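First up is the structure itself, then whatever we jot down about it.
The values are calculated or read from the model by the stated rules, or taken from the named source; none is laboratory data. Bear in mind that the values here come from a model prediction, so they are computed numbers and not experimental data. Every residue, glycine among them, receives a Cβ derived from its backbone with ideal geometry; neighbour counts consider all protein chains shown. The accessibility values were calculated without ligands, DNA or RNA, using every heavy atom of the protein model including side chains. Shrake-Rupley method; radii C 1.70, N 1.55, O 1.52, S 1.80 Å.
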Amino acid sequence: MARRGHHHHLAEVALLASASEDLAAVGAGEREGWLDDPAVLPSLAPRARALAVASAARSVLAVVPVAGVGGGVTVRPALGSDDGRISAVEWVPLVGEDAEEAGGEGVAVAVGTDAGWLLFYSLAGDLLHKQSIYPSKILKLNFRERKENAWEDSGSDELSVVFPGVIARFDGADLQNMLQKSLHEVKSHLWKDKSEQEDAEEDSSFGRIPFQIWNVSKFSSCADAAIVGLMPPPLLELQSSQRHYCAITVGEDAVVSAYRLSEDRSRSIVGAILSRGVAATFSTISSLSKIIWRSEPSPTKKSRPKPQSFAKTSPLTCLKDSPRKGERLTLSPSGTLAAITDSLGRILLLDTHALVAVRLWKGYRDASCLFVEMLLNKDKASSSLHTEYTKSDYCLCLAIHAPRKGIIEIWQMRTGARLLTIPCPKGSRILQPSTRFMSSPFSSSYSPLEVFLFNGDSGQLSVLNRHIG
């Protein structure tokens, strides 16, 4: 690998080899290219402050600070045989950008299992919440900010949970309220005997965060999916106050499918009431029932909550192109573009509003894509004078990591040229924090969408230089 090119286009953020003890728990250093294993699931915290790496095979989660503040933590979730094993990981902000008090505890790590359970952990490795979503494998967790278009209703922040043929959505505010409350309780209980607490801890002791869930398997059982954003209601329902979302799925029988997801209003209202009042009521009822039925032998296994019924889904369109299978998709910040990789090494750029293909790249097997914002032809010297760039100074690009070619390419959107080719060592992954916190309260400058490169073998975490030309 050309070191000169590396220094020129990639800047080192941290060397995580010092954290190898925590990373070793998820397989780091056991063999060269350990990060290439699809069962290793890395996720970068907001502002790249920490790295979470989960091992699906070992069902272990390692959280490593990037800034070197504090030690890392290794979490081995107490998962029973019915809870499954770790299958997805994502960072969730607990607060807005202006409230990162509590020693940087502004985030939690969400972990999904292949049996459809969702668990949230604090940076210290404490379990904040556990909830059954749907009895199937969680393929992906994706937290998205929706502050991009402040002048229009672009929806609220959300966590989407993708299953084969099913997608669920948590409203960011509902999620954050519950997690902040749990974090506060965990901190206030720290003096209690932890082991006693954990033995006594039951899933029912957690409240229930309301969510919406839809079946999106009409055209194909999806391998990946995303909620693109809000969409107008059907013509006959124009007066309805109900919200509708557009979802894009990729999969085996249809490379790309699109659906209108209708919000189940009764579900979210009842859910909100339930989540506030019911946890305490249930625990009272269960303790009363223990007194009443004391003579009964306690059941050895708790029954899992019945899956929530699906809200209404309307299929919009699908693109079938056998034998091509859609594999992964990534959304642009506003949700108007999606980059889709398929089984034949092609990358499709989709306009999600018009639902048409804008562009196609060929010859990129096993590629992964992330959108990134770059400064084109801006004078680098001026950056040392703390020039504050605005959103309009940046141009949207697509970073394509082609591991078989050993390169990362940067292409200008939508139909622009290839701006850059960067050599990239084997055993690396491109990563992007789920949240940007659009701007800091202390600065008016815009936080661009960045792409990071993690080299699993050297432990080096680098950021792509935003200046081109």
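Extension gain residue 21-residue 365, at 0.36 nm per residue separation less the Cα-Cα distance, in nm? Walk me through the numbers before you get to the answer.
Working: separation 344, 0.36 × 344 = 123.84 nm, distance 3.28 nm.
Between residue 21 and residue 365, full extension yields 120.6 nm more.
Apply the Karplus curve 6.51 cos²θ - 1.76 cosθ + 1.60, θ = phi - 60°, to the phi angles in the stretch 114-130 and return the couplings in whole Hz, x for Gly and Pro.
Ordered by residue, 3J(HN,Hα) equals 6, 10, x, 9, 10, 10, 10, 10, 7, 4, 7, x, 7, 6, 9, 6, 9 Hz.
How large, in Å, is the stretch 301-366 by the Kirkwood hydrodynamic radius built from its alpha-carbon pairs?
Details: mean 1/r = 0.0698 Å⁻¹.
With all distinct Cα pairs of the stretch 301-366 included, I get 14.3 Å.
How far apart, in nanometres, would the label points at residue 314 and residue 57 be if each is projected 7 angstrom from Cα along the Cα-to-Cβ direction?
About 4.7 nm separates the two model spin labels.
Find how much the distance from residue 303 to residue 463 grows on full extension, using 0.36 nm per residue of separation minus their present alpha carbon separation; answer in nm with one decimal.
On the way: separation 160, 0.36 × 160 = 57.60 nm, distance 4.63 nm.
Taking 0.36 nm per residue and subtracting the Cα distance, the gain is 53.0 nm.
Taking amide H atoms as placed 1.01 Å from N in the peptide plane, list the residues 5 or more away in sequence, or in a different chain, whose amide H sits under 5 Å from that of residue 107.
94
Among 345-353, 410-418, how do they line up from the highest to the lowest mean number of other beta-carbon atoms within 10 Å?
Per-residue Cβ counts within 10 Å, averaged per peptide and sorted highest first, yield 345-353, 410-418.
Enumerate by residue number the GluC sites (Glu not before Pro) in the stretch 16-85 meeting two conditions: DSSP loop (anything except H, G, I, E, B), and at most 11 other Cβ atoms within 10 Å of the site's Cβ. Walk me through the intermediate numbers first.
On the way: sites: 21, 30, 32; in loops: 30, 32.
Within the stretch 16-85, the qualifying GluC sites (Glu not before Pro) (loop, at most 11 other Cβ atoms within 10 Å) are 30, 32.
Could you please state how large a percent of the accessible area of the stretch 19-62 is carbon and sulfur, counting protein chains only and using a 1.4 Å probe?
Values: 790 of 1680 Å².
Accessible surface attributable to carbon and sulfur in the stretch 19-62 totals 47 percent.
At 0.36 nm per residue, minus the direct Cα-Cα distance, what do residue 446 and residue 265 gain on full extension? Give it in nm, one decimal, please. Kindly include the intermediate steps, with their values, before the conclusion.
Values: separation 181, 0.36 × 181 = 65.16 nm, distance 3.52 nm.
Value of the extension gain: 61.6 nm.
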